[in-house]
Every structure is written in C-alpha cells, then in structure tokens.
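Worksheet: one structure, shown below.
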Amino acid sequence: MGYYLNSQMQCQSCPQLSCLSCSPSQPSLCSSCTSGFFLNSNSSCQPCPAFCSTCTSSSLCLSLLQSTGYTTLTIQNTSILALCDPNCDTCTPNNPASCLICSLGFYLSQNQNNNNWACMACSASCMSCQNNQPNNCSSCYSGAYLQADNTCLSCVYPCISCVVGNVSGCTSCPSGYILDTSQNSCVVMMSNSTCSQNCASCQITQSTNASASCILCLPGYALMGGTCLQCPSGCAVCTLFSNSSSTPTCSLCVMGYYLSQQQNSTCQPCPAMCSTCTNATVCSSCVPGYFLNSNFACQV
C-alpha cells in the first residue's frame, strides 16, 4: 500500500491497496504499482499473471517471482511459465531446454545435435568445475578442499573444513563439537567443556578439555579475553577496542535510541514516540499510530 500527502500535510493511504504511489490531487489515480501489478491506461493497478513479479499487461510478463529453474515462453503475446531442464538454474528465454547457468555441482555442455546447452554432473565433492571437464574442479563442497591437481579431497569426519594437505586436521567443526586448536580436532561438547554464557561459538585452547574460550558472542555482547560482556543500555552492537578497557563501545543502537558521538559513542533515547532519530530533538520515523510532522516530532 502507498501513501500520499493530503492538504493537512498528513500521510494518507492511497484508496487502491495495489498502488505504490498515487496523485495527491486525485488519490484514486495510481502513478505506480506494487510488485505483481501493472499500471493500466486508466491509472489503475491491475494484477499480473500469478507467476510474475513485474509485467506490462495481464498476460505479458517482464520478470518472474521465482526465477531459479524457470523461464517464460511467449506465445501469441501471452507469457507461459516453463520449467528449465533438470539441474539448470537459469535457462534461455523461450527455450527451457537450453541452459545458461547450471546448479552447483554441474557444468555446461553443448549438445552437438541441436546446439542446446545441458547441465552435466561434476565429479564427487566438486561444487563447481570447468566446462566439459568434470574432474577439473574450481571449488569444493564444505568438508573437502581443493588440491593442486584441481581435484577435491574430503576431510575426515567430523571436520567441516580441514588443513590443506591434512584431511584429519580440522579447522572448523559442526554443531555439538568444539575445535581443539592444539590438536586440530573436533571434540564433542561435554558438561565440563561447554561454551560460556552469552557465547555463540567457542574453542578449546588447551588439550586438557578443562575449559573452552569464547571466540564469538551473541548479539548485544562484546568479546573480551574469551568471555562475553554485555553491551551498554540501548546498544545492539558493541566492541572492545582494547583489553585495558572493560566498557564496550557501541556502534549500533536498538530502535528508539541514537548513537551520540558527543557522549562517548553511547546510545541515548530518542524523543517520545520516535522509532528512529538523529539526535535528542529530531525524529526520522515514528512508532505505529503516529506521523512525523513538519517539526520532525511524532504526533497522533
């Protein structure tokens, strides 16, 4: 739904729900439409075909809501949804049998009989490979790494990734495991080696399994010496720039607060009914049920 500015300098919704914008002098006339609708000659928004994001008429599509694996055929000035060949992400308009971009793990190969491009499988563990060279990998799936001969070698379970040249040397682990950096191995999380409170990810820094050090904190917390400190009030994202400081510095505030550089990068409250603001007196948006007036304050 769109809005227009009425004679009382208030934002009022356009009468047509599908209008993205409408004329202030004639609100019933749309000037642009929301996704899935087109503007007809009467300045009214009409629905596109069900599978279209944008269109020029009720029968002719410009773009698809779901483009991966689909294209359109135009027959007698009417768009028809068509399914690309298997393992093809993007196929040629009006020719779903000829691919342009393959899904991961497949490469383009031209059919000499009809010149169409089809998707053929790369070798195992290849996420992508060179055209017509299934064994010539250019990237690997998670859990494998690319060797010098352009083949993918799988890491030893449960490694998600491993050291090049060492399939059992883990560099990252799945959920339920902690990375022991001293041994390059994935250790099952036990009651004596779980992540600390407010920690999103941790690792064992000694082979004793006695404790785990946090390497990533949950939102609203900052990392300090392997533990997570809570951000100041009103702060969504904060950072500790030095271990000598025990007070995190805020870089992003929650809704209803603004970042004040004059007050040591702290989050200060916005004026009443402000959703966002630039300082203590100027609102930039309001909470639902209020509108922004000419003095940049929120009122009913």
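Just so it is clear, none of the values below were taken in a lab; they were calculated from the coordinates. Note that the structure is a prediction, hence the values are computed from the model and not measured. All Cβ positions, glycine included, derive from the backbone under ideal geometry; neighbour counts span all protein chains shown.
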Legend entry - Any cysteine of the chain lacking a neighbouring Cys Cβ under 4.7 Å - listed by number: 11
Inset, instruction - Normalising by the residue count of the chain, find the relative contact order in percent from Cα pairs under 8 Å and 6+ residues apart. - result: 5
Inset, instruction - Jot down the per residue volume, in cubic angstrom and as a whole number, of the convex hull over the alpha-carbon atoms of the stretch 68-117. - result: 62
Inset, instruction - Determine the shape class of the stretch 9-112: with a ≥ b ≥ c the square roots of the Cα gyration tensor eigenvalues, call it rounded for a/c under 1.5, and otherwise prolate if a/b is greater than b/c, oblate otherwise. - result: prolate
Inset, instruction - Could you tell me whether the stretch 221-300 comes out rounded, prolate or oblate from its Cα gyration tensor? Rule is a ≥ b ≥ c as square roots of the eigenvalues, rounded for a/c under 1.5, then prolate if a/b exceeds b/c, otherwise oblate. - result: prolate
Legend entry - Extension gain from residue 43 to residue 132, taking 0.36 nm per residue of separation minus the Cα-Cα distance: 26.9 nm
Inset, instruction - For the stretch 10-69 and the stretch 92-153, write down the distance between their C-alpha centroids in whole Å. - result: 39
Inset, instruction - Could you pull out every residue, at least 5 positions away or on a different chain, whose amide H is within less than 5 Å of the one on residue 199? Hs are placed 1.01 Å off N in the peptide plane, and Pro or chain starts have none. - result: 218
Legend entry - Using distinct alpha-carbon pairs, which all enter the 1/r mean, Kirkwood radius of the stretch 1-47 in Å: 10.3
Legend entry - Under 11 Å, Cβ to Cβ, from residue 119 - net charge with Lys/Arg +1 and Asp/Glu -1: -2
Legend entry - ³J(HN,Hα) computed for each position of the stretch 54-59 - Karplus, 6.51 cos²θ - 1.76 cosθ + 1.60, integer Hz, glycine/proline x: 10, 7, 9, 7, 6, 10
Inset, instruction - Convert each backbone phi in the stretch 287-298 into a coupling constant with the Karplus relation 6.51 cos²θ - 1.76 cosθ + 1.60 (shift: θ = phi - 60°), then list the ³J(HN,Hα) values in order as whole Hz, x for Gly and Pro. - result: 6, x, x, 10, 10, 8, 8, 5, 9, 6, 10, 9
Legend entry - Backbone HN-Hα couplings from phi across the stretch 89-101 [Karplus 6.51/-1.76/1.60, Hz, Gly and Pro as x]: 7, 9, 10, 5, x, 6, 8, x, 7, 10, 8, 10, 9
Legend entry - Cα→Cβ-extended label distance, 7 Å offset, between residue 7 and residue 182, nm: 8.1
Inset, instruction - Give the peptides 263-272, 108-117 in descending order of average Cβ contacts within 10 Å, highest first. - result: 263-272, 108-117
Inset, instruction - Note the full-extension length gain between residue 82 and residue 57 as 0.36 nm times their separation in residues minus their Cα-Cα distance, in nm to one decimal. - result: 7.1 nm
Legend entry - Long-range tail of P(r) for the chain (Cα pairs > 37 Å, %): 54
Inset, instruction - With N set to the residue count of the stretch 35-86, report its C-alpha Rg divided by 2.2 N^0.38 Å to two decimal places. - result: 1.16
